[in-house]
Amino acid sequence: MQLRHAQIQGSLPDASEPQSRWECVPLILLLGAGSHAAVQSIGALEPELHSRGVAPVVFSLIALAPHAFSLLMPTVWGDAFTRCEPAAILLAPGLLVGGQATILLGLLQRGPLSLALLCLGFAAFSASRAGIAVVQYAVLARCLHFSKLVFGLCATTVTTHAIGAAVQLLVPQLLKRGGLQAVEFALLLPALAGLISGVALCVRLPPPPPPPPPPTPEEPSSLGVFTVRCTGCGALIPRGSAFAVQCLGCERAARARWRARRAILLLAVWRSFTLGPLHSFASLTNGLLQSQGLTPRDAGALVAFNKMAALLVLPPLALACAAATEPAAAASRAT
């Protein structure tokens, strides 16, 4: 009986090791479906907007607005997610639904009211895009741990390319059948699906990790004349001077935060110089192809094929990243 009990205990996962929540991954991917579809539709709508009298400068501003908000809003959304996770998870897709509905209402109106509704809806959509990205990656990091996070990020990339390919194929057909109103109504559907997935995530999201334990107070020293408080955690520290200092635990935490921020800054610079030009060119691809004689349907099909072909490099890249991060994951679990 004791041997059987030991075997059962050995087969159970270690309680100290965080378990990945794979059942939340489809909800996380669906959360960003509406935002990705709306962004991808801008490039596909370029020829139609030009035919309706939209100047190239105005179209460039329309294509730039979501990216400009993505530079300004992530800090705001990150602070909101830190303060109240359920509110941020619901507000980001809810703002997208409101923006898409406002744009659809503006397309049905005429005159100054139509322009005001279009500007208001597009501003709401642009602001929500940064929030959805922040919420997606934050929740993904909460649900998946260590090397498994690489596969979650690859799944996000696959979903983004698949949505982009579907948008490139469907937008020309929707324009032919119902115009801009039909396209906007179709974009409203994935936005609603993202809001529903946000509600489900609020129910199934694992609780946040517990805060780190307070640092152990340092042992008094015979050389200490003054007792000062740590500027980070408030622990009493004996020192030979009355100047404010940090304890060893807070100093290590500050160095770790600086290393993490430096890595994030370097990743942001790398991403801006690599993906920024690609995203900028994507908004002009359809118009460029149609200017060379392709029909809207053929141009969309070619762009969709290229997006799906790019996914072939993801499986070997994901396996390589998982293999590279496995030693660090094993060391973290060991400690």
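The values are calculated or read from the model by the stated rules, or taken from the named source; none is laboratory data. This is a predicted model, so every value here is computed, not measured. All Cβ positions, glycine included, derive from the backbone under ideal geometry; neighbour counts span all protein chains shown. SASA here: full protein model, heavy atoms, side chains in, ligands and nucleic acids out. Shrake-Rupley method; radii C 1.70, N 1.55, O 1.52, S 1.80 Å.
Scanning region 108-129 for residues that are open to solvent by 40 Å² or more (accessible area, probe 1.4 Å) and either touching an Asp or Glu at 6+ places or on another chain (Cβ under 8 Å) or farther than 22 Å from L91 by Cα (or both) gives L108, Q109, R110, G111, P112, L113, L115, A116. Against the list (1) modelled with pLDDT of 75 or more; (2) open to solvent by less than 90 Å² (accessible area, probe 1.4 Å), the condition A242 fails is (1). Scanning for something at pLDDT 90 or above, open to solvent by 70 Å² or more (accessible area, probe 1.4 Å) and either of a type in the set (S, T, N, Q) or more than 30 Å from A310 (Cβ to Cβ) (or both), does region 190-206 turn up at least one residue? Yes; the residues of region 190-206 include at least one that is at pLDDT 90 or above, open to solvent by 70 Å² or more (accessible area, probe 1.4 Å) and either of a type in the set (S, T, N, Q) or more than 30 Å from A310 (Cβ to Cβ) (or both). Quick check: anything in region 213-229 modelled with pLDDT of 70 or more, hydrophobic (A, V, I, L, M, F, W, C) and either outside any helix (DSSP H, G or I) or open to solvent by less than 40 Å² (accessible area, probe 1.4 Å) (or both)? Yes, because at least one residue in region 213-229 is modelled with pLDDT of 70 or more, hydrophobic (A, V, I, L, M, F, W, C) and either outside any helix (DSSP H, G or I) or open to solvent by less than 40 Å² (accessible area, probe 1.4 Å) (or both). Region 1-117 holds helices (runs of 4 or more DSSP H) entirely within its bounds, and those carrying 3 or more residues that are modelled with pLDDT of 80 or more and not charged (D, E, K, R) map to 25-31, 33-44, 56-72, 74-83, 85-107.
Condition test on V171, is it in contact with an Asp or Glu (Cβ under 9 Å, 6 or more places away or on another chain), buried (at least 24 other Cβ atoms within 10 Å of the Cβ) and either without any contact (Cβ under 8 Å) to a residue 40 or more places away in the chain or under 25 Å from C202 (Cβ atoms) (or both)? The answer is no for V171.
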